[in-house]
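Worksheet for the structure shown next.
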Amino acid sequence: MSVFSLKMDIADNQNFTAETSPLFSREEAQKARAFHKKLQGYQPTPLCSLDAFAHLIGVKKVLVKDESKRFGLNAFKMLGGAYAIARLLCEKYQININDFSFDAVKARMTEKMTFATTTDGNHGRGVAWAAQQLGQNAVVYMPKGSAQERVDHILRLGAECIVTDMNYDDTVRMTMKQAQERGWQVVQDTAWEGYTKIPTWIMQGYATLADEAVEQINALKVGQPTHVLLQAGVGAMAAGVLGYLVDIYGARNLHSVVVEPELADCVYRSGVKGELVSVGGDMATIMAGLACGEPNPLGWPLLRNCTTQFISCQDSVAALGMRVLGNPLGEDPRIISGESGAVGVGLLAAVHCHPLREQLMSKLGLNADSIVLAISTEGDTDVKHYREVVWEGKHGVSAQ
């Protein structure tokens with residue numbers, strides 16, 4: 001591969017304590033997975049071993065969890081939305097979550113409910129799917145600049161979808177106001193004062209993918225992962241998954257890296273400062289699912305305590321990852337990964353091609369014994385843009 005330099009700001013976590021959280025643990029993840037297992041069409045998503053790529057970059061293993069295969073929805077997000085809605089309805093109708101089924105709850109619902117949420121695409125699709133299963137209504141708001149294809153995915157699930165003229169965080173506030181005025185139930189994966197129960201359930205639902213991944217890693221008999229790469233928007237997925245992994249392996253035994261786009265790097269900035277920092281403006285990154293400027297305060301303590309490093313990177317890192325995964329080396333499996341899904345593998349490729357490769361490998365603790373887990377959180381949820389990146393070279397790199 002050529003030599004080129006992409007912008008990757010790497011910050012060591014000076015506030016690392018290794019303190020875990022009972023909210024985001026193996027026990028809670030396994031409760032969520034027990035629920036998901038009962039849903040029609042449930043299957044663990046593939047854990048792909050990119051052995052040729054690992055050999056190229058000089059590590060023992062690169063393992064990628066391919067969430068494009070999740071329930072035919074092309075992303076992981078429904079894991080959180082469906083679980084939270086189920087927990088909410090179980091509480092409302094006094095049903096044990098172990099006895100939950102969409103049909104049973106649907107039969108007991110005496111009033112029509114409307115679930116409201118803000119999304120960059122994938123979360124809203126999951127909420128719309130769950131509402132459809134229950135025969136209920138969903139209203140989904142999206143920030144300005146949202147791709148029409150992502151809107152269409154939500155509309156096809158029977159939800160109302162409205163694109164605002166605001167950024168993600170302002171759209172969340174508007175959604176909350178509309179819901180309060182109209183009696184809707186907000187299902188959002190970030191938290192604020194007085195709204196913590198549902199986002200906690202959402203984050204616990206995301207950890208199903210981590211429970212699957214650990215089971216799959218054990219089956220491979222390759223040893224436990226030394227590294228995990230987790231992308232962050234508000235940090236809900238990153239905290240939910242990392243909480244499970246550090247409960248299993250111990251925070252000091254896992255080099256965890258949280259990666260964000262430089263135009264929406266609120267978790268990175270929070271990590272540098274050691275306290276919550278918000279980012280404003282348009283946040284016009286191609287990583288639409290990560291274009292969030294305000295960290296989830298529920299996930300932040302876990303990320304502050306257990307993340308090894310925070311990284312802020314340019315969009316070309318994600319675009320590189322999309323091309324690497326879509327055009328694999330040797331016998332490696334092909335993974336169709338969207339902009340937000342591919343940034344972890346893009347980071348590995350960008351480090352390998354960097355003129356300061358050896359220094360960056362050392363800083364990230366990567367060597368011939370490293371086993372790296374990455375999560376491809378979505379497939380080509382915006383096919384037009386996927387083709388522009390992978391076929392046409394949008395957000396390409398220039399060799400030095």
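For the reader, a short list of remarks on this structure follows.
- Matching residues in segment 185-212 - criterion: being acidic (Asp, Glu) and either free of Cβ contacts under 8 Å to residues at least 40 places away in the same chain or within 14 Å of Pro297 (Cα to Cα) (or both): Asp189, Glu193
- In segment 1-41, the residues that are surrounded by fewer than 17 Cβ atoms within 10 Å (Cβ to Cβ), farther than 30 Å from Leu263 by Cα and either in contact with a Ser or Thr (Cβ under 8 Å, 6 or more places away or on another chain) or β-branched (Val, Ile, Thr) (or both): Lys38
- Within segment 271-281, the set of residues being touching a residue at least 40 places away in the same chain (Cβ under 8 Å) and at negative phi comprises Gly271, Val272, Ser278, Gly280.
- Selection count where residues are over 17 Å from the mean Cα position of the chain (by Cα) and of a type in the set (A, V, I, L, M), scope segment 295-324: 2
- Of everything listed in (1) crowded, with 24+ Cβ neighbours inside 10 Å; (2) touching a strand residue (DSSP E or B) at 6+ places or on another chain (Cβ under 7 Å), the single unmet condition for Glu262 is (1).
- In segment 1-45, residue nearest to Leu347 (Cα to Cα) [restricted to those that are outside any loop (DSSP other than H, G, I, E, B) and among the acidic types (Asp, Glu)]: Asp9
- Hits in segment 174-190 - residues which are modelled with pLDDT under 90 and not polar (S, T, N, Q): Asp189
- Among (1) surrounded by 21 or more Cβ atoms within 10 Å (Cβ to Cβ); (2) of a type in the set (D, E, K, R); (3) in contact (Cβ under 8 Å) with a residue 60 or more places away in the chain - the single one Glu339 does not satisfy: (3)
- Checked against (1) outside the structural domain of Lys69 (by TED's automatic domain parsing); (2) buried (at least 22 other Cβ atoms within 10 Å of the Cβ), Gly346 passes all but condition (1).
- Criterion applied to Ala284, Ala239, Ala288 was being at pLDDT 95 or above and among the aliphatic types (A, V, I, L, M), and the one residue passing it is Ala239.
- Check on Met322, in contact (Cβ under 8 Å) with a residue 24 or more places away in the chain, closer than 17 Å to Tyr386 by Cβ and either surrounded by 13 or more Cβ atoms within 10 Å (Cβ to Cβ) or touching a Leu at 6+ places or on another chain (Cβ under 8 Å) (or both): yes
- Residue match in segment 269-285 (condition: assigned to a strand (DSSP E or B), of a type in the set (A, V, I, L, M, F, W, C) and out of contact with any Asp or Glu (no Cβ under 6 Å at 6 or more places or on another chain)): no
- If you check Glu339, Glu358, Glu331 for being part of a helix (DSSP H, G or I) and of a type in the set (D, E, K, R), only one passes: Glu358.
- Selection status of Leu89, closer than 27 Å to Gly344 by Cβ and buried (at least 19 other Cβ atoms within 10 Å of the Cβ): no
- Checked against (1) under 16 Å from Lys77 (Cα atoms); (2) under 14 Å from the mean Cα position of the chain (by Cα); (3) hydrophobic (A, V, I, L, M, F, W, C), Val228 passes all but a single condition, namely (1).
- Check on Leu302, under 20 Å from Thr190 (Cα atoms), touching a residue at least 12 places away in the same chain (Cβ under 8 Å) and surrounded by 23 or more Cβ atoms within 10 Å (Cβ to Cβ): yes
- Any strands (runs of 3 or more DSSP E) falling wholly within segment 97-168 and containing at least 1 residues that are of a type in the set (Phe, Trp, Tyr) and surrounded by 15 or more Cβ atoms within 10 Å (Cβ to Cβ): 114-118, 137-142
- Matching entry among Ala219, Ala238 (being part of a helix (DSSP H, G or I) and free of Cβ contacts under 8 Å to residues at least 24 places away in the same chain): Ala219
- Which numbered condition Ala350 fails, given (1) small (Gly, Ala, Ser); (2) modelled with pLDDT of 95 or more; (3) closer than 29 Å to His385 by Cβ; (4) within 20 Å of the chain's Cα centre (by Cα): (4)
- Positions within segment 51-86 being over 30 Å from Thr118 (Cβ atoms) and of a type in the set (Asp, Glu), in sequence order: Asp51
The values are calculated or read from the model by the stated rules, or taken from the named source; none is laboratory data. As the structure is a computational prediction, the values presented were derived from the model and not from experiment. All Cβ positions, glycine included, derive from the backbone under ideal geometry; neighbour counts span all protein chains shown.
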